[in-house]
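Colleague: Here's a structure for you.
Just so you know, all these numbers are worked out from the coordinates, no wet-lab data involved. Here the structure is a predicted model, which means the values were calculated and not measured. Cβ placement follows ideal geometry from the backbone for every residue including glycine, while neighbour counts extend to all protein chains displayed.
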Amino acid sequence: MTGPARLRLAVLASGRGSNLQAILDAIARGELQADVAAVFSDRPQSLALQRARDAGIEALAVVPSGFDDRSRFDEHLFSRIDAVHPDVIVCAGYMRLISADAVEARSGRMINIHPSLLPAFKGLHTHRQALAEGATRHGASVHFVTADLDGGPVIARAAIDVRADDSEASLAARVLEVEHSLLVATLNLFAARRVGLVAGAVTLDGEALRAPLQLDAAGALC
Ligand code: GRF
């Protein structure tokens, strides 16, 4: 018997691209039955584009300043993304708002990794927000992208303890480590065709998920 076809991914990233690299490394190790069809960025200098090229993957920068407004930019960007026929579009450190039309046309096929335990600490500077609020637990979430910024249905989360002596940088570094495992584990659910979005709710094996999955210490989602 053969399993499901390998998952075809398009990755959107604006910066360093360590989450992209985690995906590429997991694929190379045979731990994720997926292929990255292409990587897209709004920033030509993004290290993510270089990481893609180094891996022999198509890498394309689409620069917003060349377009009249967000809708035109997104129309062009997403037409290029659609052209590689991804099963799933992964926003991995993509720092631009996406227009509602572009999101809604790809509902259930676009996910984002966010560095907080959503719904806590949406937006930017999440580690700073967590420290300022005196949070004792912090982490990362993978959610379906909707027009509501960082507000789409959460598929899975990974939590860590905040230490009394944590700085923004030390907390960010520990969260980033769990982000990588969380993103790969979540993509494995997509690769197995186990996860979906039905009527605004996450489904796992066809059943509505009551609460986001949690990454355990062994790197499994439960
Ligand atoms: C990550 O913390 C991600 O959660 C956030 O932006 C950062 C991107 O890091 N959305 P990288 O570019 O994947 O290294």
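Colleague: Please report 203, 146, 2 as a ranked list, fewest other C-beta atoms within 10 angstrom at the top and most at the bottom. Spell out each step's value before the answer.
Modeller: Numbers: 203 17, 146 20, 2 4.
Fewest to most other Cβ atoms nearby, the residues stand as 2, 203, 146.
Colleague: For the chain, list log₁₀ I(q)/I(0) at each q in 0.08 Å⁻¹, using the Debye formula over Cα point scatterers of equal strength and ignoring solvent, two decimals each.
Modeller: Taken in order of the listed q values, log10 I(q)/I(0) reads -0.27.
Colleague: Only Lys, Arg, Asp and Glu count, each charged at its Cβ (+1, +1, -1, -1), so figure out the dipole size of the chain about its Cα centre, rounded to 20 debye.
Modeller: For the chain, the charge dipole is close to 220 debye.
Colleague: Please list the helices of the chain that count as membrane-span-like by this rule: a mean Kyte-Doolittle hydropathy of at least 0.5 together with Cα atoms stretching 20 Å or more along the helix axis, each helix being a complete DSSP H run.
Modeller: Helix filter hits for the chain: 168-191.
Colleague: Still on this structure: How do 90, 103, 198 line up, fewest other C-beta atoms within 10 Å first?
Modeller: With the sparsest Cβ surroundings first, the list reads 198, 103, 90.
Colleague: Rounded to two decimals, what is Rg over Rh for the stretch 1-105 when you use alpha-carbon atoms and the Kirkwood radius?
Modeller: Using Cα coordinates only, the ratio equals 0.99.
Colleague: Moving on to the next point. Is it possible to state the helix-based mean residue ellipticity at 222 nm for the chain, with each DSSP H run of 4+ residues giving -39500 (n - 2.57), the sum divided by total residues, to the nearest 500 deg cm²/dmol? What is it?
Modeller: -9500 deg cm²/dmol
Colleague: Residue 45 to residue 216: extension gain in nm, 0.36 nm per residue of separation minus the Cα-Cα distance?
Modeller: 58.0 nm
Colleague: Could you please rank 177, 207, placing first whichever residue has the fewest other Cβ atoms within 10 Å of its Cβ?
Modeller: Result, fewest neighbours first: 207, 177.
Colleague: Would you kindly state how much longer the chain becomes between residue 124 and residue 79 on full extension, computed as 0.36 nm times their sequence separation minus their alpha carbon distance, in nm to one decimal?
Modeller: Extending this stretch completely gives an extra 13.5 nm.
Colleague: Answer rounded, prolate or oblate for the stretch 28-81, using the Cα gyration tensor with square roots of eigenvalues a ≥ b ≥ c: rounded when a/c is under 1.5, else prolate when a/b is larger than b/c, else oblate.
Modeller: Since a/c reaches 1.5 and a/b is larger than b/c, the shape of the stretch 28-81 is classed as prolate.
Colleague: What are the ³J(HN,Hα) couplings of the stretch 206-222, residue after residue, when phi is run through the Karplus curve with 6.51, -1.76, 1.60 and θ = phi - 60°? Round to Hz, x for glycine and proline.
Modeller: x, 10, 4, 7, 6, 9, x, 5, 10, 7, 8, 5, 8, x, 9, 8, 9
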